[in-house]
Structures are given as C-alpha cells and as structure tokens.
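In what follows, a structure is listed as structure tokens, so that the remarks can point back to it.
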Amino acid sequence: MALVAVEGVCFTYPGGGRAALEDISLELRRGEVVALLGPSGAGKSTLVRALAGLVPHFHGGSFSGRATVAGYDTREARPADLAGTVATVFQDPEDQIVMASVANEVAFGLENLATLPTEIPARVEEALAAVGAVHLAGRRTAELSGGELQRVCLASALALRPRLLLLDEPTSQLDPEAAEAFLDAVGRLGSAVVLSEQRTGRALALAERVLFVDGGRLLLDAPREEALGWLAANRPAFLPPPDPAGQVLAGHVRVPGTGTWPEGAPAVEIAGVSFAYDRVPVLDDVSLTVDRGEVVVLEGPNGCGKTTLAKIACGLLEPAAGSIRRAGRACYLSQDPGRYLVRERVDEEVALAVGGDLRRARAALAMVGLEWAADRHPRDLSSGERERLGLAAVAVAEPDLLILDEPTRGIDPERKEALAAWLAAYAELGHAVLVATHDRAFPCHRRVSMAAKETVLV
Amino acid sequence: MKLATVPAALLFAAAAAAALLAEHLASVAVLFGLLLALVLEAPVRRKRLYLIGALASGLGVVVVWPFVAVLGEDVLWRGPTVPVLGVIDITREEIAAGTLAGLRLAAVALAFAAYALLLDHDRLLASLGFARRSAFAAVLATRLVPTLERDAAALAEAVRGRGLELDGVRSRAMLVSPLVSGSLERALNLAEAMEARGFGRAGRTRAPRPAWGALDRVAAGSAPLLVVAGVLWL
C-alpha cells in the first residue's frame, strides 16, 4: 500500500480566481525520495501543503478530490493530527522558529506529540547531530544566521522521525557546501521525502523520481532517468547546469567617457575597507573594483561578508576604514526583497524610485514578466514573483551601478537564465552590475571569491 | 544568567515592584543602577532599543514633571503665566519628585528589558502549569519586538537601496503599514508552522528541566522580601 495517495485533487485559494492545483493524482511509496520541480508560482508549495493537510484546513479555499497520508484522509485529519507522521520544513526558516533556544525549538514538536519527557533530550541531540548542528544546541535562535536556522528547522522535523518529510526549498539560504551537507542528511533518513527545490542539480542527483508541476497541473511523474529525458526535451533550464563553475561572459564592453565620467573610470572602487558589527570584524582590508559594462559575481560561504561589502559598495554602510569612490547612482536589491515592499499596488511599488512614473514602472514590470500584476497588491504575489517585483523596483531607475544580493533565491531556473541574460544586456548598455550570490553557475564577466577577512580573485 | 529562569523572573518583577513602591530617591536609584548594570550585560545590538526606550522615557518624566506639577515652596525659577496652567515655576520639591518618578519609570522599563533580553522565555513558559496558550502568546509577542526592529531597519534600508532618502516623520510613516502587514504575514506563517508541528494536540509533555540550585532558592525567596522592603523601608 502506498504511503501517500492523491486522487484528482483540485484546490483554489480563497479569493483566488485561478486554481492553484488542478486534478493532481500521484502516489508515494515508503522511503522514496522525490524531487518536486516547476516554475515559481506553479503550485509546488501548495502541493506540499496539501500533503501536510494545511491545504485546505489552514488556508481555507475550495478543495476537491482526496489525499490520504499513512491512512489519514487529509479532509478529515487536521494538520496537527498528521504531525509526526508528516513533517514539513518551509521555505523561510525565520517564519517557523517558535522557541528562543535551539534545543527547545527542536524539542517543541516532540512535546506537542506527547513524547515521554525522558526521551526528549536524546531525540533532540540525535536530530541535531544528523544535520551537524549539535554545537548550536545552547544558542539563542535569534542569534543564528539563515543557514544555521535552516539546519535547526530540519533537525526539528527529523526529531519527529516522520514517515513523510516535506521540504519546500530548504536550502535557499545555504552556501553550496552547506546545501550539499543538508541534502546528504536528507538522503540518509529512510523516510519518504518530497523535495521542492530551485537548485535542481542536487535535487535531481538525490531523487529516485521526479514530479514537474506547472500552472497547478502535474506535467511529469517519472523515474529520474526518464525525467531527465523529458526535461531535456521540454524544460532544459531545469537540468543541472552543464558548467557548474558558471559561464564566463565574453569580454565586457569598453564604455566611452562622459563629461562627468572619464573613460576607464570604474563604477565603484573600494580600497582597503574594514567593517565590524558590534566589534566583530566582518571585513578587513578588502578591495574591489567594478567597471562599467561588466557583471561581477561576489561569492563565498555564509557569513564571509558578501552582503556587507555589497552594502558598502552602494553606500548603505560606511566602512570603519578604507576608501570608496563611486560614480553615478548606485541601487541595491536586498536579500528577500519580497518582504520589503511598501506600496499597495505593484505598479506604484515600482514607480516609487522614478518619482511615480507609471509608464516606466510598467516597462520595468514587463521586463520581469509581471505586467499582468500591475494593479495587484504586492503581497498577493507568490514569493518568486515578489522577488522579481523587487528587482523591477530597483532596476526601473536604471542605476549606473546595480547591486543584487542573492537575486536567484526562490527564482526558478528559467527565470534565472532570463535574469542573467538581462543583466548581461544591462551591462552592455554601459552600466555596472555586482551580484552577491551562492550560485556558482551564475554567468558573469568576473568572479570575486571571498573568504573571511580577505578576497581572492578567481 | 547564572540563575534559573523562574527565580530570575521573580527577582526582576520584585525589583520593578519595589521601585514603584519605594519612597526614597536613593533606594530607587540603587534599584535603577542594579537593573541598568544587568541590562548592560546583554549584547549591544539587542539592548540598544530597550536602553534608549527606558532612559528616554525616564528622562522625559524628569524634564516634564516640574513644569506640570504644583508642589513645594522652594522656588528655583519663576516663568511666565500661561493661560489654564497659571504661573510656570520650578521648585526644588518638584525636581526631586520628578527625578523619583523618572527613576521609577526607567527602573520598571529596565526590569522589563532584563526580562526580555536575559531570560530563557521558553523555560519560563514551560514552568507555567496553567493558561499555557495565553502565556505562549505573551512569549511570542515579547520576541516580536526585536523582529520588528530588524524588519523596520531592513525596510528602511530596502527603500534607501532604491536611491530614495527617508527624511522626516512623513516618509518614515510610509513604512508603518508595510511593517504591520509584514508582521501579520510572519504571524500567519508561524501559526501554520506551529500547526504543522502538532501545536494544539492533547496531552502535550514537557522536556525535563534542571532542578533549582541553592542560589535559585535564595533568589526566589528574596523576591517577596524585596517587595515587602519596598513597602516598609525603601
């Protein structure tokens, strides 16, 4: 008997015109690892929530069809009843941390499931060990980085020893090494796993079977080898990148000088800067130059100071030492920009940076494929769509130096390709682009690799 | 904190109560000083907002009090006559009363800051044998303060990152609505995650807690004595 059986499930969110899931049918066997792929807004997160019983119980809306998990019919069993049998790790770790300390956070689910108190400490330690986070046990959750929080969230799920583990983009905040370690831990579990990922390379390497969702419909349900053939024929962007080291763009254009900007002058020149947060040094004697016409990728592990350097380049942070020369306007797109939207309408959000010019705003929205959403509320968009909205809100001003911090997070491979192509074209117009990212495959003219307290040119 | 959570919470609450009840400026100043020293132990970034709030509100009371109170005869400064309020003057007694009130307010705020910054709220919650859901809501609300502070800073930075300057109250007011809606969204996401982890199921258990040591018992016993001292002697 299958662990999960989904039969003809359709679901529409309350107030939503379009069905988020349409006639989905599938089965999952015990211990099977399944990759769930698809563009952003395609229904992956909704399907994950349907398997956890959160759709329809938590979200409301219109639900038809039937989903059973380990014998529980999700129309009757509440998510709390399914907890323990099913465990879910959501996309944003900050929004799922309940307790103030790591050990208590991992114990939270066990306490809810009425685990014997004498068993709880050992189960907490075992789960933290499985994700290599025993050293975090005594830490306060408020002090952890995004990557550390993601590991704690996975440990909290593992502690329940679930029969079905649902992972909704669980590695979005991790650097490549940490993501690999995370997914290795997932692979060793023995539970059935549904892994929704935008970094398809690792998900495809781990999975025995692949599901592909688009427009709320299940377009593919096949073993990995067959799925790779289907992806190559139909959605090649979802295949692992042919060159994991990333494409190097052809030499960047030489931009003629202007009255205020002599030929050859860089867009930003950072020399020997140092910076510390609360006396904890993050940057020490770091230098970086970005020329007009080039796309530069700033890469390095979690906590190496990429974001700090990017903010210094934009002028959002003042270094404690060193100098910075910037020519023209610099704009910065923060991590998780979908959280930091300030207007009630999508087009007004974008127009904010250009003095309310809605015509330019709509052109920028078309550039990121969101022209259809111009009159919508920004918070009605999916997380991937919000990320693109954030990009439009910054790019609309056509800054001389465009700085993007983890712009590929939550963006599907097709959108990522489009973003890379757009940035290359933007640079060709004489602008400079600096991208801080974990994504080693992101195409660029030049890569700058950061380690703690130093930069190494690659 | 070397103390267990519950005795420490009792001591903070008792210090706040004693500061409110004490009559002598020196006693309140000592309580204020002790609480300030405790709060200064917290990490710089976390304590900043609490310190600014506590000290600014206390100072505000010290400054405003002499102008609105009518007390004492030892006039230090006589100002103009203002309609409704009458003659504005400042007396030695008003300054003393204002300082006492300001210190009391700051001490209470610092006691709350010590509770928010230094205690393990999870353990405090686990210690409650009743009204656990309400206590849970209170603990989550306490944790919302630093999250809100972080979100507000990130929101302002995101707007500045688009090349816009945030000058004055009006432009900053633009951030209030997204901050509130962002908090609601976070709250919904958290509620969803909690439900998915079995919150609300019957028969919840608790992870074992370490037993109280001698210091914890002394602290817990001292808390009511501190309140009594506040009423009788301080």
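For chain A, the longest principal axis of the alpha carbon atoms and the long axis of helix A:120-130 meet at an angle near 50°. Bridge orientation summary for the range A:4-238: considering DSSP beta bridges with both residues in this region, about 55 percent are antiparallel. Angle of helix A:146-158 to the longest C-alpha principal axis of chain A, folded into 0 to 90 degrees and rounded to 10: 10°. The label point for B:Ala173 and the one for A:Leu429, both projected 7 Å from the Cα toward the Cβ, are 3.6 nm apart. Placing dummy labels 7 Å off each Cα toward the beta-carbon, the span from A:Arg29 to B:Arg150 is 4.2 nm.
Bridgeable aspartates and glutamates around B:Lys2 (alpha carbons under 15 Å apart, same-chain partners fewer than 8 residues away excluded): B:Glu41, B:Asp120, B:Asp216.
Taking label points 7 Å from Cα along the Cα-to-Cβ direction, B:Leu40 and A:Glu414 give a separation of 6.1 nm. When only the Cβ of Lys, Arg, Asp and Glu is charged (+1, +1, -1, -1), the dipole of chain A relative to its Cα centre reaches about 220 debye. Within the same chain, lysines fewer than 8 places from A:Lys416 are excluded, and of the rest, those with a Cα less than 27 Å from its Cα are A:Lys44, A:Lys306, A:Lys311. Here the range A:4-238 is assigned +1 on the Cβ of each Lys and Arg and -1 on the Cβ of each Asp and Glu. Its dipole about the Cα centre then comes out at about 300 debye. Projecting the Cα atoms of A:Val342, B:Leu175, B:Leu140 onto the charge dipole of the protein assembly as shown, computed from C-beta unit charges around the Cα centre, puts B:Leu140 farthest toward the positive end. Convex hull volume of the Cα atoms of the range A:268-457, normalised per residue: 111 Å³. By the beta-carbon count within 10 Å of each Cβ, the least crowded to most crowded order of B:Phe32, B:Phe199, fewest first, is B:Phe199, B:Phe32. The charge dipole of the range A:268-457, taken about its Cα centre with unit charges on the Cβ atoms of Lys, Arg (+1), Asp and Glu (-1) only, comes to about 120 debye. Sorted largest first, the spans of the alpha carbon positions of the range A:4-238 along the three principal axes are 47, 39, 32 Å.
Across the alpha-carbon set of the protein assembly as shown, the Rg to Rh ratio works out to 1.01, Rh being the Kirkwood radius.
Distance between the C-alpha centers of the range B:118-185 and the range A:164-239? Whole Å please. So the separation of the two Cα centres works out to 34 Å.
Bear in mind that the values in this text are calculations on the coordinates, not laboratory data. Just so it is clear, the model here is predicted, and its values are computed rather than measured. In this analysis, Cβ positions are derived from the backbone assuming ideal geometry, glycine residues included, and neighbour counts consider all displayed protein chains.
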